[in-house]
Amino acid sequence: PDVTAEICEALTLGIRDYFAKQGFSKALLGLSGGIDSAVVAALAARALGPANVTGVLMPSEYTARRSVDEALDLAGRLGINSKIIPIKNIYRAFLKELGAGGGKDITLAMQNLQARSRGSLLMALSNAGGALNLVTGNKSEIAVGYCTLYGDTAGALAPIADLFKTEVYRLAAYLNKDGEVIPRGIIKRPPTAELKPGQKDQDDLPPYATLDEILRLYLEENRTPAEIAARGFKPALVGGILRRVEINEYKRKQLPIALKVTEKSFG
């Protein structure tokens, strides 16, 4: 069988079933213009119906116009609702109260404040509208802690948390098999958190094809660092990735429920 097709059906069923059994019919999620939120939005539209899904765009001063345009394009193609709430003033208020942000350097704490501003808005909308917030993180990010507690990890259900980033791209291609549901620009764009100017995921992480294979060998096949390095990876790279896996367990303990589609899942 086509594994990606099976995963798509399983995740669609998982969202629909979870919402029905919890007594909810509406979902919301943050739309960033990136691949992860695009795939989660597409799955939610399939599971709950487009009219029951709202994508919330929360641009900052570091958000490219392209991100907003492609997120709105996605919402239009899916037929879901969309809402734009800029976070610039909220973020600046945080910095002012903390006495931070005077220099040019955008620290990790400042980047996380942006994510937490968005998380607070999503949870407020969830409370106000009786909708469950869908978390858009994937297994690669969760494994190495490339996510923000109480920010982009805030919500009720994480539909793609058991898919590596490379698998998310395969799922996006499958969702587009009968037409361009997810804009091609989103798929082709290098991944970025857009928490500072010019930021790319690859500034902090190895290419996802490399990262995902090392993580798969470690997490799903229980390979030792030496065995993984013997597959052609530099020992220092393997050691660095596995250290990130181990020191970010505290984050994974606080994540929302994930839909499980592999033999070895977090949680």
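The values are calculated or read from the model by the stated rules, or taken from the named source; none is laboratory data. If you're wondering where the values come from, they're calculated on a predicted model, not measured in any experiment. A quick note on method: Cβ atoms are made from the backbone with ideal geometry, for glycine too, and the neighbour counts reach across all protein chains shown. Only protein heavy atoms, including side chains, enter the accessible area calculation; ligands, DNA and RNA are left aside. Shrake-Rupley method; radii C 1.70, N 1.55, O 1.52, S 1.80 Å.
Please report the relative contact order for the stretch 1-50, taking Cα pairs under 8 Å with a sequence separation of at least 6, and give it as a percent rounded to a whole number.
After rounding, I find 46 percent.
Apply 1/(1 + (r/R0)^6) to the Cβ-Cβ distance of Ala51 and Glu97, taking R0 = 41 Å, and write down the FRET efficiency to the nearest 0.05.
0.60
Can you compute the charge dipole magnitude of the stretch 139-213 about its Cα centre, using +1 on each Lys and Arg Cβ and -1 on each Asp and Glu Cβ, nothing else charged? Give it in debye, rounded to the nearest 20.
Computed about the Cα centre, the dipole is about 240 debye.
Can you give me the Kirkwood hydrodynamic radius for the stretch 3-149, using every pair of distinct Cα atoms, in Å to one decimal?
Details: mean 1/r = 0.0613 Å⁻¹.
Roughly 16.3 Å, rounded to one decimal.
For the residue pair Ala236 and Arg66, what label-to-label distance in nm results when each label sits 7 Å from Cα along the Cα-to-beta-carbon direction?
About 3.1 nm, to one decimal.
Read phi for every residue in the stretch 101-107 and hand back ³J(HN,Hα) as whole Hz from Karplus 6.51 cos²θ - 1.76 cosθ + 1.60, θ = phi - 60°, with x for Gly and Pro.
Coupling constants for the stretch 101-107: x, x, x, 7, 6, 9, 6 Hz.
How much accessible area per residue does the chain have, in Å², with a 1.4 Å probe?
47 Å²
Could you work out the helix-only [θ] at 222 nm for the chain, with each DSSP H run of four or more residues adding -39,500 (n - 2.57) and the total divided by the number of residues, to the nearest 500 deg cm²/dmol? Walk me through the numbers before you get to the answer.
Values: 12 runs with 137 residues, N = 267.
When only DSSP H runs of four or more count, the value is -15500 deg cm²/dmol.
What are the residues whose amide H is under 5 Å from the amide H of Ile84, where those residues sit 5 or more places off or on another chain and H is modelled from the backbone?
Correct list: Leu57.
With a ≥ b ≥ c the root eigenvalues of the C-alpha gyration tensor of the stretch 133-243, is it rounded (a/c under 1.5), prolate (a/b larger than b/c) or oblate?
On the way: a/c = 1.65, a/b = 1.48, b/c = 1.12.
The shape class here is prolate.
Tell me which aspartates and glutamates have Cα within less than 15 Å of Lys83's Cα, excluding those fewer than 8 residues away on the same chain?
By straight Cα distance, Lys83 reaches Asp69, Glu70, Asp73.
So if each residue of separation counts as 0.36 nm, and I subtract the Cα-Cα distance between Ile247 and Asp204, what length gain in nm does that give? Display every interim value, and only then the final one.
Details: separation 43, 0.36 × 43 = 15.48 nm, distance 1.59 nm.
Length difference between fully extended and current span is 13.9 nm.
Using a 1.4 Å probe on the protein heavy atoms, what percent of the accessible area of the chain belongs to carbon and sulfur? Can you show the working numbers first?
Values: 6890 of 12670 Å².
Here carbon and sulfur together make up 54 percent of the probe-accessible area.
So what is the relative contact order for the stretch 70-156, in percent, with contacts set as C-alpha pairs under 8 Å and at least six apart?
For the stretch 70-156, the relative contact order is 27 percent.
Over the stretch 1-150, calculate the relative contact order: mean separation of alpha carbon pairs under 8 Å at least 6 apart, over the residue count, as a percent.
Values: 177 pairs, mean separation 39.0, N = 150.
Computed value for the stretch 1-150: 26 percent relative contact order.
For the stretch 129-136, just list the computed ³J(HN,Hα) in residue order, Karplus coefficients 6.51, -1.76 and 1.60, θ = phi - 60°, integers in Hz, with x standing in for Gly and Pro.
x, x, 10, 8, 8, 8, 8, 10
Pick the calculated Cα extents along the principal axes in Å for this structure from (1) 73, 35, 31; (2) 55, 47, 42; (3) 52, 51, 33?
Only one option fits the structure, namely (3).
Under a point-charge model restricted to the Cβ atoms of Lys and Arg (+1) and Asp and Glu (-1), what is the dipole moment magnitude of the chain relative to its Cα centre, in debye to the nearest 20?
The calculation lands at about 580 debye.
For Asn138, what charge total do you get from the other residues with a beta carbon under 10 Å from its beta carbon, if Lys and Arg give +1 and Asp and Glu give -1?
My count for the surroundings of Asn138 gives -3.
Over 31 Å between Cα atoms: which of Lys26/Lys165; Lys104/Lys260; Lys104/Lys253; Lys96/Lys188; Lys88/Lys139 fall into that group?
The answer is Lys104/Lys260; Lys104/Lys253; Lys96/Lys188.
Of Val53, Ile84, Gly151, whose Cα points farthest to the positive end of the dipole of the chain (charges on the beta-carbon: +1 Lys, Arg; -1 Asp, Glu; origin at the Cα centre)?
Of Val53, Ile84, Gly151, it is Ile84.
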